[in-house]
Structure formats: C-alpha cells, structure tokens
Amino acid sequence: MKRMLQPFQFKNGVELHNRLVLAPMTHYSSEPTGEVSEHELAYYRKRAKNVGLAITACAYVTEDGKGFPNAFGVNDDKFIPGLRQLAESLKAEGAKAILQIFHAGRMSPPELVPNEQPVSASAVAPVREGAATPRALETEEVEAIIEAFGDATRRAIEAGFDGVEIHGANTYLIQQFFSPHSNRRDDRFGGDVNARLTFPREVIRSVKRAAEGTDDFLIGYRFSPEEVEEPGITLDDTDVLIDMLLEENLDYLHASLWNFNIGSMRNENVTERSIDCIAKRINGAIPLIGVGQLQRPGQVEDALNVIDLAALGRELIIDPDWLEKVKDDREDEIETELDLNKQAELAVPAPLWNAITTRAGWFPIKDQEVK
C-alpha cells in the first residue's frame, strides 16, 4: 500500500484514515460580516472528502486581526453556528477538521481594521510597496490578544472541530513577534531570540488552557522557517523556535513552504533542503506536516520519507478527486493545470476564482479556449 493511503495516529489517540492533508488556503468567500457562507461549505465539502486531515483557511481571533476581505471570524460567539456547519462539512466523509486561527498584525489591509490602523509588535512597516506602518501594541493589548486565541479555541471546540492550528507563519502577527525585523520591543515580549518567543509561547499556553479536558483535541502550530528581510528569521532562529515548540507538547508542527524542495532563502552555503533541516531538528519527536507543490503521487510518496503528513493546496483546488484517482489506479488522469471551463464543477467560489485567474503565475492554467 502506498504510504499516503496508510492510517496515521497522533499521540493522543486521534487516528486519520490516510496521510493526506487539505492545506489551509485563503478563499475570500465568507460573508462580509465574517460568517461562513454556503459557497465555502460546498467548496470544503468537495475537497475534504478524501483527505485524512482538513485545515481551514485562517480565521481571525480579533476584529483588528483581519487579513483578507471576506474572511471568516472566530472572535465572537455569534460565529459558532456557521463554524459548526463548516466543521460538519469537513468531517462529512471522515476527515478530521482543524480550524486555523490567526491575527494578521501588520499585514492587515488598513480598510479592514478599526480606525484603518494595522497593529503589530513594533511600528515597523512590512517591506513591500505602499505598506502601512503599524501601531505598536501596548503590553495590555498583547495580553488581550493572547487571551483571544484561547477564546477562539473554546469556540472551535463548541463548533465541533477536532483541533486548531495556531498560524505562526507567513509573516502574520505571531511570526512578527518572533522576527527581529518586526519586533523591536523593550518589554517582556521583545529582546533576543528567546525573549521574542514569549508571545508565541503564551499563545500556545492560552490555547492549551482552553482545550483542557478535551484529550482528543489536536493543537498544531504552523511556522515559516526563514524570512528574506534583514534582519530576519534564520534557520538557526527556527531551531530555537522548534525546541520551544517541542517543549510545549503540541500534537503536530506544520512547515509552511512555497516549494517542498526549496533550500535556504538566506544562506546559499546551506545545501540541504529546509524541510530536511527541520525534520532533523525535530528528530521524530512530533508529527511534521509538509507542503509545497507536491503535484504528483510520486512526489508525495518521496516527501513522506521525510515528513509524516503531506498537505495539498492548489492541487486539490485543481483536482478535488486527486486521491480518489490514486486509489483507483488512475494516476495518469490527475489534473495538474486548472481547467477554466470547470468553475461550477470544481465548486470554486467566485471571489477565489477571480483571484486565481487574475493573479499571474499563482496557478498553472490549462492552455485551452475558454467556453
């Protein structure tokens, strides 16, 4: 049997029926008020039917943590009914459902947050054209956001999710506190690499407190191993991060990579792939999820020699029947390019479809006449 089709068991006893994960992918398709939409439910139901673990797009834990237009919230109890429908859609055919929780920090578009003022660890703008300079959070505000992650976890439990993934990757707030580029604080949340881990550590502990008494509830953490900014997060910094994450006794780690086979973005003298460096540091102590352009079954099988679970994102948007074709020995029928004539068949909501088709190079597009 292919390794991807084998079951997997976490240390708390939760079992997956295979080792494929639906990666968290932003879809811009919630209601403007933050509720889950019917379009999202159809989109997720179609893509979670074959995977063992399904992770949602990121849900904001506070009103000033929005990162995208038409994202869904987990910052208020009023969202629980819709989140319950989402969990049920993901779990309908046996997948375990994970709610990814986050705060965008300085990456929030100003028009989406109160007073059009993004916030962050320090008043340092992202390195991108036209980026707004965030307001540095007061210590009391940081502590309130930490508690908000715990409140979000309580809502995820009430909504029937099987776990949460703390989004500490992709330049959002948790990563901003860890980064020497975005964190120049002089309180207990800033300083050297260990001091900059205070916020991520306290977020994790807030989430764990909220989940006490739910032994079968999974808590994962997603991280990006490097930053291109100077100063920025290095692989050596990430070793320190991983050591802290191992101490916190989480259920899994999720390495966020745009390409599974990429090496260091910062140090050309590092010849190993980043994922290999990460796996060596973890040394089997905790399950590791990997992601990044794993288009073909052979690539996934190779990846599973290094990681425990393989996440597919764009691949399952292009072909929701990816795993079904593997099971039926129809691997040659797997689609690796998006068919622009199949939006309805693929159940891709219009905002996501528009983003895909207008952003050059984001998705491989089939060369054909659009009907």
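The values are calculated or read from the model by the stated rules, or taken from the named source; none is laboratory data. Only a predicted model underlies this, so the values are computations on that prediction, with no experimental measurement involved. We place every Cβ from the backbone using ideal geometry, glycine too, and count neighbours over all the protein chains shown. Keep in mind that these areas ignore ligands, DNA and RNA; they rest on the heavy atoms of the full protein, side chains included. Shrake-Rupley method; radii C 1.70, N 1.55, O 1.52, S 1.80 Å.
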All but one of (1) assigned to a loop (DSSP other than H, G, I, E, B); (2) open to solvent by less than 60 Å² (accessible area, probe 1.4 Å) hold for residue 369; which doesn't?
(2)
Sort out which residues of the stretch 20-35 are assigned to a loop (DSSP other than H, G, I, E, B), more than 14 Å from residue 350 (Cβ to Cβ) and open to solvent by less than 10 Å² (accessible area, probe 1.4 Å), and write them in order of number.
23, 34
Listed by first then second residue, the pairs whose first member lies in the stretch 264-286 and is under 28 Å from residue 251 (Cβ atoms) and among the acidic types (Asp, Glu), whose partner is open to solvent by less than 70 Å² (accessible area, probe 1.4 Å) and assigned to a loop (DSSP other than H, G, I, E, B), with beta carbons under 9 Å and at least 6 positions apart or on separate chains, are 272/263; 272/264; 276/306
I need every pair where a residue in the stretch 176-187 that is under 18 Å from residue 132 (Cβ atoms) has its Cβ under 6 Å from the Cβ of a residue that is open to solvent by 10 Å² or more (accessible area, probe 1.4 Å) and of a type in the set (A, V, I, L, M), sequence separation at least 6 or different chains.
182/124
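When the residues of the stretch 173-187 are filtered to those that are of a type outside the set (Asp, Glu) and in contact with a helix residue (DSSP H, G or I) (Cβ under 6 Å, 6 or more places away or on another chain), which remaining residue is surrounded by the most Cβ atoms within 10 Å (Cβ to Cβ)? Walk me through how you get there before you give the answer.
Taking the stretch 173-187 first, the residues of a type outside the set (Asp, Glu) are 173-185.
Going one step further and asking which of them are in contact with a helix residue (DSSP H, G or I) (Cβ under 6 Å, 6 or more places away or on another chain), we end up with 173-174, 176-178, 182-183.
Details: 173: 33, 174: 27, 176: 27, 177: 28, 178: 27, 182: 30, 183: 22.
Applying the filter and picking the extreme gives 173.
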Residue 11 vs. criteria under 22 Å from residue 220 (Cβ atoms), at pLDDT 95 or above, basic (Lys, Arg) and touching a strand residue (DSSP E or B) at 6+ places or on another chain (Cβ under 7 Å):
no
Among the residues of the stretch 36-75, how many are open to solvent by 10 Å² or more (accessible area, probe 1.4 Å), charged (D, E, K, R) and in contact (Cβ under 8 Å) with a residue 12 or more places away in the chain?
6
